[in-house]
1. Please go through the stretch 88-112 and pick out each residue that is at pLDDT 85 or above and more than 18 Å from the chain's Cα centre (by Cα).
2. What is the number of the single condition among (1) out of contact with any helix residue (DSSP H, G or I) (no Cβ under 9 Å at 6 or more places or on another chain); (2) open to solvent by less than 20 Å² (accessible area, probe 1.4 Å); (3) of a type outside the set (S, T, N, Q); (4) more than 20 Å from Arg208 (Cβ to Cβ) that Leu140 does not meet?
3. Here is a list: Asp249, Asp266, Asp244. Which entry is among the acidic types (Asp, Glu) and more than 25 Å from Glu113 (Cβ to Cβ)?
4. Being closer than 22 Å to Thr231 by Cα, in contact with a Ser or Thr (Cβ under 8 Å, 6 or more places away or on another chain) and open to solvent by 10 Å² or more (accessible area, probe 1.4 Å), is that true of even one residue in the stretch 127-137?
5. Given Leu161, Leu197, which one is open to solvent by less than 10 Å² (accessible area, probe 1.4 Å), in contact with a helix residue (DSSP H, G or I) (Cβ under 9 Å, 6 or more places away or on another chain) and at pLDDT 95 or above?
6. Can you list residue pairs whose Cβ atoms sit under 7 Å apart, with the first residue in the stretch 25-45 being of a type in the set (Phe, Trp, Tyr) and the second being assigned to a helix (DSSP H, G or I) and open to solvent by less than 40 Å² (accessible area, probe 1.4 Å)? Count only pairs 6 or more apart in sequence or on different chains.
7. Out of (1) small (Gly, Ala, Ser); (2) under 30 Å from Asp194 (Cα atoms); (3) open to solvent by 40 Å² or more (accessible area, probe 1.4 Å), what's the single condition that is false for Ser238?
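The values are calculated or read from the model by the stated rules, or taken from the named source; none is laboratory data. Only a predicted model underlies this, so the values are computations on that prediction, with no experimental measurement involved. Positions of Cβ are backbone-derived with ideal geometry, glycine not excepted, and every protein chain shown enters the neighbour counts. These accessible areas exclude ligands, DNA and RNA; they are computed on the full protein's heavy atoms, side chains included. Shrake-Rupley method; radii C 1.70, N 1.55, O 1.52, S 1.80 Å.
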Amino acid sequence: MGRAGDEMDNVIGSALRQARSAQGMSLRQLARAVHFSPGYLSKVENGAKIPSVELAVACDRVLGISPPIADLAKRLPRRRRPVAHPDTVVPAQLPHAPSGFFGRDTELSALTEWARAEPRGPELRCRVLTGDPDAGKTALAVYFGHSSADVFPDGQLYLDLRGSTAGPLSVQAAHVRLLRGVGVGTGSIPEDPDEALAMYRSLTAGRRLLVVLDDAADADQVRPLLPGGGTCAVLVTSRHRMPDLVVRDGAAEMRIGPVPDTATRDALCAGLGTARVAAEPAATSALIAALDGAPLAIRTAVARLRDEPSRTITGYLAALLAGRAAESPTLRTRAHRRPEIRRPRTLTG
């Protein structure tokens, strides 16, 4: 970059430092507010890094810089590696929709209303689905994504963050997968995580994308993966609540509880036939109570009883309860199962 570019870098860095000092804000506080690292901001202030337009816009918004440094940043020449035609890629990364999906009409209605609402300027649009391991959070997110495909004409990105496992996905690996999802060649992805984040935000800006971040560990794993604008919608699933993401980033939580008993009964009737269910009313009621609104347990019961037409609901219930009685109390409580004995993750998680 030439001398004029270096001088403009210094002007931007000085303006950023002065505005931050005037607000009494530390470099770390500003970094949290704009979602870039303190090290990256320090290099920008010292003129050692070319500030991205995304960073300049965020700093203008947080610090109220006037005249805006974003106008200067847009005029800076940039030496970027070529991007492999990202505008031609419409990602469709969602897993297949779960078969026999049921019992989530209320949640689907709320998510559909949220998705179809007009974006409110640059505000983040993010929903966090939380609940027990077998509540069906992933199934709901995936089913919603498929059923609302028309709302997101620019596609759907899906990322399994593996937050409930011993090896959660790193931010760097997540950036690589997200950028490849929007068409960036592996050789064009910056090694610097802040630059990779800036590229990701640039390529998703103004696009109507659904980003599903599945099985997140915590807010710190999610935050570096959030798009910068309000046109994208982000759906996070996690076993844990994320109040920090709600307070600092404007996300909203949706607790995914057990499937209602009425929906469980409807699933049994649909899978086994109304006559078979009506023939054993007491056993059916007891089975519904034992299944406890867990989608996987309900689908398993339907599948096994359907595959064995001669088997009674009473018999299946007795076998189910006997199997549970043989487990230790710790194993019978889903929330206290050790990771090594939990069933493999499926679309019921």
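1. Step one: list which residues in the stretch 88-112 are at pLDDT 85 or above, which gives 90-97, 101-112.
Matches in the stretch 88-112: Val90, Phe101, Phe102, Gly103, Arg104, Asp105, Thr106, Ser109.
2. With (1) out of contact with any helix residue (DSSP H, G or I) (no Cβ under 9 Å at 6 or more places or on another chain); (2) open to solvent by less than 20 Å² (accessible area, probe 1.4 Å); (3) of a type outside the set (S, T, N, Q); (4) more than 20 Å from Arg208 (Cβ to Cβ) applied to Leu140, the lone miss is (1).
3. Working: Asp249 fails: more than 25 Å from Glu113 (Cβ to Cβ); Asp266 fails: more than 25 Å from Glu113 (Cβ to Cβ).
After ruling out the rest, the residue left standing is Asp244.
4. Within the stretch 127-137 (the criterion being closer than 22 Å to Thr231 by Cα, in contact with a Ser or Thr (Cβ under 8 Å, 6 or more places away or on another chain) and open to solvent by 10 Å² or more (accessible area, probe 1.4 Å)), the answer is no, since none of the residues qualifies.
5. Leu161
6. As it stands, the answer is Phe36/Leu55; Phe36/Asp194; Tyr40/Asp194, since those pairs meet every condition given.
7. Ser238 satisfies all of (1) small (Gly, Ala, Ser); (2) under 30 Å from Asp194 (Cα atoms); (3) open to solvent by 40 Å² or more (accessible area, probe 1.4 Å) except (3).
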